[in-house]
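Student: What follows is a single structure, and I will ask about it in a moment.
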Amino acid sequence: MTQKSFLLSAEGVNKSFDGFKAINDLNFYLESGELRTVIGPNGAGKTTFLDLITGRTQADTGTIEFEGRHNLKEMSEHEIYRLGIGRKFQTPTVYTDHSVTENLILSLAGSRGVFSSLFFRLGSDQKDRIDEILKTINLTEHRDRKAGTLAHGQKQWLEIGMLLAQEAKLLLVDEPAAGMTDEETARTGELLLSLAGKHTIVVIEHDMVFVRQISQGRKVTVLHQGSVLCEGPVDSVQSDPKVIEVYLGRKHAR
Ligand code: ADP
Ligand code: MG
């Protein structure tokens with residue numbers, strides 16, 4: 001089978017924790033430029049799947065390939081990061097005592113460690129890049145503030161900006177709307193939509209209003225018990241009886 005056109009392909013992936021199958025014969029294919037939303041009930045294996053992609057945990061069996069040639073299963077977390085796979089965790093992990101701009105500088109691709117990159121004079125290309133990212137993430141007027149003083153939503157946007165500064169080819173974003181106000185959530189959706197096409201993004205999310213906002217005309221994947229339960233346009237996924245049964249029907253019972 002040729003998989004050259006996929007940026008990421010996972011086939012027959014399994015991962016057990018103490019005999020519990022968190023990922024169960026998972027197959028997942030992602031094309032370059034996609035903005036893919038992955039939904040599924042708690043415990044479905046969504047975060048574990050990201051852990052497997054980023055090398056935080058190792059799959060027991062199966063293959064995970066990036067750009068049709070890099071076997072992620074054989075690589076360390078650091079090597080995978082260097083390939084251009086960036087991850088945003090649920091809780092923001094910004095450097096709270098550094099300014100917004102400094103946080104972006106620290107993430108610039110090719111930057112050489114925390115201290116030297118802060119004291120290193122930026123070239124004009126790098127300055128332009130930082131300005132462009134600040135604009136994209138809507139933090140231009142907050143550029144000199146310490147990241148620790150930002151609102152929760154702004155911290156999340158900064159972290160997405162840090163992935164952009166890293167020049168991540170694949171952005172993995174785990175539950176960005178968690179803890180956000182409705183307005184912050186909507187702006188996060190706009191931000192991700194503005195990145196789609198230029199970047200390839202996987203978003204894990206529970207908030208169905210947000211999922212609908214970012215997935216119009218795109219594919220949504222539903223994970224359940226470590227496998228893909230169904231995949232397709234958001235409307236057909238939301239009206240699929242299997243999905244209603246395992247996920248949407250229990251949404252309020254969480
Ligand atoms: P989701 O993100 O879809 O809510 P997770 O991937 O976090 O689900 O978890 C899937 C299942 O795997 C859960 O039952 C969880 O308890 C289990 N699990 C995840 N990581 C570990 C781990 N490091 N050790 C043991 N069990 C784990
Ligand atoms: Mg999770």
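Just so you know, all these numbers are worked out from the coordinates, no wet-lab data involved. The structure displayed is predicted, hence computed values, not measured ones. Note that we place each Cβ from the backbone using ideal geometry, even for glycine, and neighbour counts take in every protein chain shown.
Student: Given a Förster distance of 30 angstrom, what is the FRET efficiency for Asp128 paired with Glu74, based on the Cβ-Cβ distance and rounded to 0.05?
Tutor: 0.20
Student: Determine, for each peptide in 123-134, 173-184, the mean count of other beta carbons within 10 angstrom over its residues, then list the peptides with the highest first. Don't skip to the end; give the middle numbers.
Tutor: On the way: 123-134: 14.7, 173-184: 17.8.
Highest to lowest by the protection proxy: 173-184, 123-134.
Student: Let me ask something else about it. Which entries of Lys46/Lys88; Lys15/Lys46; Lys46/Lys135; Lys169/Lys198; Lys88/Lys155 show an alpha-carbon separation above 19 angstrom in the structure shown?
Tutor: On the way: Lys46/Lys88 14 Å; Lys15/Lys46 12 Å; Lys46/Lys135 31 Å; Lys169/Lys198 9 Å; Lys88/Lys155 11 Å.
The answer is Lys46/Lys135.
Student: Quick one: putting +1 on the C-beta of Lys and Arg, -1 on the C-beta of Asp and Glu, what dipole do you get for the range 44-106 around its Cα centre, in Debye to the nearest 20?
Tutor: Working: 7 positive and 9 negative charges, 33 e Å.
Using Cβ point charges on Lys, Arg, Asp and Glu, the range 44-106 gives about 160 debye.
Student: Another question, then. Semi-axes of the equivalent ellipsoid for the range 44-200, please: Cα gyration tensor eigenvalues, times 5, square-rooted, ordered largest first, whole Å.
Tutor: Working through the eigenvalues yields semi-axes of 26, 20, 14 Å.
Student: Would you mind putting 17-27, 56-66, 147-157 in packing order, based on average other-beta-carbon counts within 10 Å, highest first?
Tutor: 147-157, 56-66, 17-27
Student: Sticking with this structure for a sec: Kindly state, to the nearest 0.05, the FRET efficiency for Lys169 paired with Ile244, given R0 = 41 Å and r defined as their beta-carbon distance.
Tutor: Calculated transfer efficiency: 0.75.
Student: Here is a further query. Can you give the angle from 0 to 90° between the axis of helix 124-136 and the longest principal axis of the chain, with both taken from C-alpha atoms, to the nearest 10?
Tutor: The angle comes out at about 50 degrees.
Student: How large is the charge dipole for the chain, taken about the Cα centre, if only the Cβ atoms of Lys, Arg (+1) and Asp, Glu (-1) carry charge, to the nearest 20 debye?
Tutor: It works out to roughly 160 debye.
Student: Please list 3J(HN,Hα) in residue order for the range 13-29, calculated via the Karplus relation 6.51 cos²θ - 1.76 cosθ + 1.60 where θ = phi - 60°; whole Hz, with x for glycine and proline.
Tutor: 7, 10, 8, 10, 10, 6, x, 8, 7, 6, 10, 10, 6, 7, 10, 8, 10
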